[in-house]
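Contents: one structure, followed by commentary.
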Amino acid sequence: MIILGISGLPNSQRAHRAAHPQALEIDERICQGLDSAACLIIDGKVIAAAAEERFTGDKGTGELPLHAIDYCLRTAHLQPGDVQVIAHGFDYDRYRRFFTQSAESFDEVLSAKSVIKALEQAGWEDVAPRFKAVDHHIAHAASAYFTSGYERALCIVSDGMGEVESLTVFQAQGRTLKKLHGQPIKNSLGLLYSICTRFLGFAFNSDEYKVMGLAAYGNGTAYLEAFNQLAQFDANTGSINIRWPAQALSRAEEGYPAAMEFLATLFNLAPRASDEALGDRHADFAAALQTVFTSLLESLVAFWLERTGETSLCLAGGSFLNCKANERLCNLPSVERAFVQPASGDDGTALGAALYLAAQQGELMDSGFSPYLGPEYSVEHIRRQLDEAAADGSLKWRYEGLTDEYFARAAQDIAEDKIIAWFHGRMEFGPRALGNRSILGRANGHEIKARINGLVKFREPFRPFAPAVLDIDCDQLFESKKLQPTRYMLCTARVREDAMAAVSGVAHADGSARIQVVSQDVNENFWRLLTQVRKVCGHGCSINTSFNVKGQPLIMSPDVALATFRSIALDTLYMEGFIVWKP
Ligand SMILES: [Fe+2]
């Protein structure tokens, strides 16, 4: 069966902007249906998946993913009419009675009708009979379980909110996902983190990872008690309760003014303005938030593992992009294996909705999951782009091919403390650059963090960098259970004391690192590079950060790669066997 999965609500952002034209930049993502993506599954096999933002440059867009759909269909030489099922990662219609807005506004923004109409306007025919809405949390759960390769597992989904729930627990076995527990939006752990992110002057539903990074600099003790009053785990029911006062979550689109006021009183701390300097109290607040978030999830996951007797854990939903919390969850004593969906944000619901419907047809994934599902480019295509980009003399290039010399040369650059861009194979699905669209540098390079943050990526100086590490060197440098999440940079690990000097550029303030363990079977080209890095640096380890600049989605195509390379202080670009530099 040919199933196209899609995520996003095409009119949501537009309606949000029209209703709140004065919204601050940090409040722009207070709306549902962002991160649109498309995914194509044929007979249970994932053929292609990509987020729409990568094609249009509009980061996190919720627009109908027409470019991503087109890419998925082109990959399999299909036409829109060939698609048998269109799976969508929201099913609001089922919950219509819970929503107080007008029928017009519900239909315009949340209803399946809005997506069907958008596809029809784009020229698709016979959409309604092929359209299947999938419950948002089922789509998240399916995105993790059906790609995990496990025959049974405990599946936890946590995000800001789905249609009416924010955290759900499933017991998965074979083709079925049995729901054991669900929590309403009021008790959303994801929403709590996002509201606190906004309280700290960062963007809601966007900058949570910055708060996680900031937490390492703080001492949570001062704010812990208040957080413990606010959010608690109920050991009788296995649920999390958040004691927001009545109306605290009202006027969400205006930036949750009542919640901001409530937090200010509870913590005796003023909300930080986006342009205000970060102080110790902000780091302390972030640290307490991170501690409480982690320990609540830890209690909840341990409870449901014990209740079900499961030992395999599958996680999806935006909360599980929090790799600090994931480290603790993966290290729970009863966890034997763990899988976190790399596209744990709503982009992943395009994949999950399609996988869920495929499983219903008895079509299960037969081979291992790979997050490298995006476009790739031929040598001829790149040569044409280079000819064009270098015509004005601003770039020099030569073609070496994927020879040992090519990988050795890139490794030598890294050893010499240069910062290189690395562009190979299919683009990653999900937010992390996993060695196909990456910026790389020496793991203990001279002032490497400051140089990449300041000259290359223009990011906040407190933000850490993650390491990619060759599988055979992981145990020497990091303390890790080496579960699947570390393959995809979804779980932190402790840097070994005696390895601190070797990886000083990637150790965060609290001695952790968000590792990507690289093996030959997962990413051959990246593995070949790190094998050469090992020869010249002693360890197969480098800094790995996404190939983009602040505000730009992960780079997808060679033309954008070349334009970006030219505009920032990168030393060399290695692209499918081409070596590119600035004269
Ligand atoms: Fe979600």
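If contacts are Cα pairs under 8 angstrom and at least 6 residues apart, what is the relative contact order of the range 54-177 in percent?
Numbers: 120 pairs, mean separation 27.5, N = 124.
Reported relative contact order: 22 percent.
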**Message:** Of all beta bridges DSSP finds with both residues in the chain, what is the antiparallel percent, to the nearest 5?
**Reply:** 70
**Prompt:** Rounded to the nearest 0.05, what FRET efficiency is calculated for Arg243 and Gln361 with R0 set to 56 Å and r the Cβ-Cβ distance?
**Reply:** 0.80
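Can you work out the FRET efficiency for the pair Glu405 and Arg496, with r the C-beta to C-beta distance and R0 = 41 Å, to the nearest 0.05? Please report the intermediate quantities before stating the final value.
On the way: r = 33 Å, r/R0 = 0.80.
Once the sixth-power term is evaluated, E becomes 0.80.
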**Message:** Sequence gap at least 6, Cα distance under 8 Å: using those rules, report the relative contact order of the chain to the nearest whole percent.
**Reply:** 16
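Would you work out what percent of the accessible area of the chain, with all protein chains in place, is carbon or sulfur (probe 1.4 Å)? Walk me through the numbers on the way to the answer.
Values: 10630 of 22000 Å².
With neighbouring chains kept in place, the figure for the chain is 48 percent.
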**Prompt:** Can you run phi through the Karplus equation (6.51, -1.76, 1.60; θ = phi - 60°) for the range 44-52 and list ³J(HN,Hα) in whole Hz, with x for Gly and Pro?
**Reply:** x, 9, 7, 8, 7, 7, 7, 8, 4
**Asked** Considering only protein heavy atoms, what is the solvent-accessible area of Trp581 at a probe of 1.4 Å, reported in Å² to the nearest 10?
**Response** 80
**Message:** Quick check: residue separation of Glu298 and Asp417 times 0.36 nm, minus the Cα distance between them. What number comes out in nm?
**Reply:** 38.9 nm
**Fill in**
Low-density loop GluC sites (Glu not before Pro), the range 229-307, at most 15 other Cβ within 10 Å, DSSP non-H/G/I/E/B, are Glu276
**Asked** Hey, if we sort Val522, Val335 by accessible area with the 1.4 Å probe, largest down, what's the order?
**Response** Val522, Val335
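Full extension from Lys550 to Ala19: what is 0.36 nm times the residue separation minus their Cα-Cα distance, to one decimal in nm?
Details: separation 531, 0.36 × 531 = 191.16 nm, distance 2.74 nm.
Working it through step by step, the gained length comes to 188.4 nm.
Probe of 1.4 angstrom, ligands and nucleic acids ignored: what's the accessible area per residue over the range 290-411, in square angstrom? The partial results should precede the final answer.
Numbers: 4610 Å² over 122 residues.
Accessible surface, normalised per residue, equals 38 Å².
Tell me, in nm to one decimal, what length is gained between Ser334 and Asp280 on full extension, where the rule is 0.36 nm per residue of separation less the Cα-Cα distance?
Working: separation 54, 0.36 × 54 = 19.44 nm, distance 3.64 nm.
Contour length minus the Cα-Cα distance gives 15.8 nm.
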**Message:** Can you compute 3J(HN,Hα) from phi for each residue in the range 419-426, using the Karplus curve 6.51 cos²θ - 1.76 cosθ + 1.60 with θ = phi - 60°, rounded to whole Hz and x for Gly and Pro?
**Reply:** 10, 10, 9, 10, 10, 8, x, 7
**Asked** On average, how much accessible surface per residue is there in the range 1-113, in Å², for a 1.4 Å probe, leaving out ligands, DNA and RNA?
**Response** 43
**For Gln516, residues with placed amide H under 5 Å, excluding near neighbours** = Ala468, Val469
**Fill in**
Interchain or sequence-distant (5+) residues whose placed amide H lies within less than 5 Å of the amide H of Ile47 are Leu40, Ile41, Ile42
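Please identify every one of the trypsin sites (Lys or Arg not before Pro) in the range 204-271 that sits in a loop by DSSP and has no more than 16 other beta carbons within 10 Å of its own beta carbon. Don't skip to the end; give the middle numbers.
Values: sites: Lys210, Arg243, Arg251; in loops: Arg243, Arg251.
Sites meeting the loop and neighbour criteria: Arg243, Arg251.
Could you pull out every whole DSSP H run in the chain that spans at least 30 Å of Cα extent along its own axis and averages 0.0 or higher on the Kyte-Doolittle scale? Walk me through the numbers before you get to the answer.
Numbers: long enough: 280-308 (42 Å, 0.36).
Taking the DSSP H segments of the chain (at least 30 Å long, mean hydropathy at least 0.0), we get 280-308.
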**Fill in**
To the nearest Å², the heavy-atom accessible area per residue of the range 451-517 with 1.4 Å probe amounts to 36
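The values are calculated or read from the model by the stated rules, or taken from the named source; none is laboratory data. Being a predicted model, the structure only gives us computed values, none of them experimental. Here Cβ is always computed from backbone atoms with ideal geometry, including for glycine, and neighbour counts include all displayed protein chains. What goes into the accessible areas is simple: the full protein's heavy atoms, side chains included, and nothing from ligands, DNA or RNA. Shrake-Rupley method; radii C 1.70, N 1.55, O 1.52, S 1.80 Å.
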